[in-house]
Structures are given as C-alpha cells and as structure tokens.
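Structure first, commentary second.
The values are calculated or read from the model by the stated rules, or taken from the named source; none is laboratory data. Owing to the predicted nature of the structure, the values given are computational and were not obtained by experimental measurement. Backbone-built Cβ (ideal geometry, glycine too); neighbour counts: all protein chains shown. For the accessible areas, the whole protein counts, side chains as well, though only heavy atoms, and no ligand, DNA or RNA atoms are used. Shrake-Rupley method; radii C 1.70, N 1.55, O 1.52, S 1.80 Å.
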Amino acid sequence: MLVHSTALLSALCTALLASASLQAAEPLKAVGAGEGQLDIVAWPGYIERGESDKAYDWVSGFEQDTGCKVNVKTAATSDEMVSLMAKGGYDLVTASGDASLRLIAGKRVQPINTALIPNWKLLDPRLKDGAWYVVDKQVYGTPYQWGPNVLLYNTNVFKQPPASWSVVFEPQELPDGKPNKGRVQAYDGPIYIADAALYLKSAKPQLGIQNPYELNETQYKAVLDLLRQQQPLIHRYWHDATVQMSDVKNEGVVAASSWGYMVNGLKADQQPVASTIPREGATGWADTSMLHADAKHPNCAYKWMDWSLQPKVQGDVAAWFGSLPVVPAACSGSQLLGPEGCKSNGFELFDKIAFWRTPQAEGGKFVPYSRWTQDYIAIMGGR
C-alpha cells in the first residue's frame with residue numbers, strides 16, 4: 001500500500017511540474033462579504049480554536065469578526081497536502097517549500113493581491129519575495145510560520161546536546177553506553193534526502209555539495225548510500241507528530257529529526273527532552289497560506305490571510321508550534337510567546353537554515369524530485 005501510494009504521489013508530482021505552461025488565474029480585485037465558511041488544509045497544531053488548550057485560540061475571534069466558519073483538515077506531509085489540493089474542495093493550504101512550487105507549477109493555487117491584505121506591511125523583510133512562493137514576480141500566498149527541523153534528544157542519554165547529526169545517521173554507541181540502533185528516527189518524506197545531503201556537505205566536503213536540494217548523480221549516490229546505511233538504525237520513519245511523541249515517551253526513541261511542536265508537547269508532559277541544531281546546520285520550512293485556484297470561499301480566505309498576520313496571532317501560533325513568526329512585531333506582541341520566545345525558537349538562525357524546496361532537474365544537471373520520491377520509498381523498505 002505504501003509503495004502504491006508513493007508511486008501515485010510521484011506521478012502526481014511529475015504531472016504537476018509538467019503543467020507549468022498553463023496560465024495562472026487573475027488575482028482577486030476586491031474583498032467582499034465573507035461566504036460564511038473557510039476550508040483549510042494545515043499542519044497539525046497550526047489552526048487552533050482552544051480545544052487542546054483554552055489559551056491557544058486564534059480561530060474563534062476570526063469567526064466572530066467575519067462570520068467565516070473555519071474547517072480544518074490536518075495533513076502530516078507535504079505530499080499529502082499536494083494530493084489533497086489536487087482533489088480540490090479546500091480554500092487554503094499551509095504549504096511548505098517542498099510543496100508550494102509543485103502547487104504553483106500545477107496551477108492548483110492562484111496568485112494573490114497583496115494590496116487586499118492590510119497586514120502585509122508587517123511581514124518580515126527576509127521573507128518577502130521568497131523563491132518558494134513568488135514566481136515570475138507573482139505572489140502565490142501569505143507567509144504563515146517558519147522554523148528549523150531540529151534534533152530532538154533525550155536529556156537523560158545526552159547530558160550535553162549532540163554536536164552532530166551523526167547520532168542519527170552513523171552506527172555508534174551513545175553516551176549511555178548503548179548503540180543507537182532502534183533508538184533513532186528519520187522523517188517519512190522524500191525531502192529528508194536533503195537532511196542527509198546537508199550532513200554530508202560537512203562530513204564529506206570532497207563531494208562538493210553546495211545546495212542540499214541540488215545534487216548531481218555522484219552526490220546523490222553518496223547521499224543514498226548514507227540513507228541505506230541509516231535504515232537498519234531506524235526505529236520508525238515518522239510523519240505523525242502524535243505518534244513520534246508517543247514513541248519518545250514509550251518506545252525508547254532518544255534522538256530524532258523533529259519540530260518544535262513535538263519538543264514543546266513532550267516538555268509540557270514532563271518528558272526529559274530538549275532540542276538542538278548541530279554543527280552541520282539544519283533544513284527547515286517556511287510555510288505559506290496558499291489560495292486554491294478554484295477556492296469556493298475566496299473572500300473568507302483573504303480575510304483569514306490578513307487575520308493570520310496580526311502580531312498576536314503570529315506570536316500565539318509560534319508559541320504553540322515552537323516555530324517562528326513571519327511578523328517580527330509578534331516577538332513582543334504575544335504573552336504566550338513571551339519576550340524570549342523568538343530567540344529560543346531560533347529567530348536569528350534564518351540565514352543558517354536550508355529551507356525546504358522542491359528539487360528541480362535544471363536541464364539535467366541535478367536529480368529531480370520524482371527520483372527522490374521513488375528512491376526514498378525503496379530505502380524505507382530496506383532496498
């Protein structure tokens with residue numbers, strides 16, 4: 001079943017990228033009355049209405065102000081988001097960079113008119129004109145949150161933060177005297193190939209890797225060899241945040257690629273965990289609220305995109321998810337995030353993060369994402 005579904009996603013990716021010559025829809029000219037409903041595909045923890053914790057609710061106020069009832073479909077991977085948007089029935093998606101360019105190329109999303117989003121002026125200058133959501137000078141969405149893929153670790157095992165990603169990639173004895181085999185996790189998604197490439201960029205500089213999303217055949221082979229070496233070490237290839245938290249609590253997982261969302265959740269549950277960014281750096285994500293090409297509720301969608309850029313909303317999301325706001329004013333505009341929240345979550349690490357983006361062939365110079373998809377599922381299956 002997993003092989004079949006991944007093959008379908010690979011075919012979908014190829015079809016989307018092949019359709020790049022289609023014309024984009026014209027952006028909305030004015031925002032009218034809300035349609036009464038808004039359907040969003042989002043990462044877990046991104047759209048909260050106080051059901052998990054009453055303090056974290058940035059949906060109820062929006063619904064009261066606009067009359068737009070928010071419905072959320074959570075997705076665990078970027079490939080799942082692309083698949084859901086291809087099927088249709090949603091207005092917005094909080095797409096990461098490894099999905100956004102596929103959605104743009106496939107014309108699944110439409111350009112937006114930033115003049116209709118008053119809070120656009122608050123946007124972090126570092127995120128304006130990001131290559132993952134601005135194509136041919138057209139803006140395809142509103143930045144939502146960003147952050148690094150951190151190394152989560154058990155503080156009882158690691159008295160000091162792990163200095164290198166080698167603890168999840170290379171067979172070794174950990175500080176507690178036990179091997180790492182069966183005690184580490186990797187991400188269940190082809191984009192994780194970039195994590196291995198980033199590690200080899202430092203570990204094997206002779207490969208000449210400059211960009212973990214632009215790999216020639218020699219570099220790509222070395223990365224796959226590392227991932228095949230890693231495969232016997234893996235307890236689970238994770239994609240469900242809740243399952244990973246359970247594995248750390250109950251299954252003996254002591255080191256894993258993760259997000260601040262899981263780190264925060266485990267800490268709140270009094271688990272002995274912390275996170276770090278090792279010396280090799282980290283991949284990361286800059287997520288964008290993108291409007292479906294055939295959105296049924298575009299007015300509510302524009303109202304939400306503007307609402308989402310309020311400093312308090314941005315700060316509250318960052319506090320809950322363990323991410324970074326796309327509005328700098330949020331660093332001091334949210335009691336939940338607190339005065340040190342941005343610093344703690346890595347606000348100054350922007351230039352050190354290799355942000356997710358869909359690998360392109362660039363005329364045959366680099367291995368395309370369709371190959372990444374096929375090869376990674378084979379590696380997860382032990383081939």
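Apply the Debye scattering formula to the range 252-379, with a single equal point scatterer on each alpha-carbon and no solvent, then give log10 I(q)/I(0) at q = 0.10, 0.17, 0.22 Å⁻¹. Result of the Debye calculation: -0.47, -1.09, -1.26. Taking a ≥ b ≥ c as the square roots of the eigenvalues of the Cα gyration tensor, an a/c ratio of 1.5 or more together with a/b larger than b/c marks the range 105-181 as prolate.
Calculated accessible area for the range 196-245 comes out at 46 Å² per residue, all protein chains present (probe 1.4 Å; ligands, DNA, RNA ignored). Under 1.5 on a/c is rounded, so check that first for the range 226-283, then, if it is not, pick prolate when a/b is larger than b/c and oblate when it is not; a ≥ b ≥ c are the square roots of the alpha carbon gyration tensor eigenvalues. Note, shape of the range 226-283 comes out oblate. Calculated translational diffusion coefficient of the chain (20 °C, 1.002 mPa s; Stokes-Einstein with Kirkwood radius over alpha-carbon pairs) equals 101 µm²/s.
Computed extension length for Thr155-Glu63: 29.0 nm, one decimal, from 0.36 nm per residue of separation with the Cα-Cα distance subtracted. Of all lysines in the structure, those lying under 23 Å Cα to Cα from Lys296, and not within fewer than 8 positions of it along the same chain, are Lys29, Lys69, Lys73, Lys87, Lys107. When the trypsin sites (Lys or Arg not before Pro) in the range 188-293 are filtered for DSSP coil states and for at most 11 other beta-carbon atoms within 10 Å of their beta-carbon, the remaining sites are Arg279. Computed from label points 7 Å out along Cα-Cβ, the spacing between Glu340 and Ala30 is 5.1 nm.
Working value for the range 139-209: equivalent-ellipsoid semi-axes of 27, 18, 12 Å, each the square root of 5 times a Cα gyration tensor eigenvalue, largest first. Of all aspartates and glutamates in the structure, those lying under 18 Å Cα to Cα from Lys343, and not within fewer than 8 positions of it along the same chain, are Asp124, Asp316, Asp351. If you run the Gaussian network model on the chain, springs between alpha carbon atoms under 10 Å, then out of Val184, Val31, Val317 the most flexible one is Val31.
Look at the Cα gyration tensor of the range 319-383: its axes a ≥ b ≥ c give a/c of at least 1.5 with a/b over b/c, and that counts as prolate. Computed on the chain, with alpha-carbon pairs under 8 angstrom and 6+ residues apart, the relative contact order is 26 percent.
Partners of Lys365 within straight-line reach, counting lysines whose Cα lies under 20 Å from its Cα and excluding those fewer than 8 residues away in the same chain: Lys201, Lys221. Compared with the alpha-carbon gap, the fully stretched path from Arg49 to Gln360 is longer by 108.2 nm at 0.36 nm per residue.
Charges on Cβ only, +1 for Lys and Arg, -1 for Asp and Glu, centred on the Cα centroid of the chain; of Thr155, Tyr302, Met262, which one is farthest towards the dipole's positive end? Selected residue: Thr155. Mean-square fluctuations from a GNM of the chain, with a 10 angstrom spring cutoff on Cα atoms, peak among Gly45, Gly363, Gly67 at Gly363.
By a 1.4 Å probe calculation restricted to protein chains, Phe366 has an accessible surface near 40 Å², given to the nearest 10. Of the two radii for the range 173-258, the radius of gyration is 1.02 times the Kirkwood radius, both from the alpha carbons; that is the Rg over Rh value.
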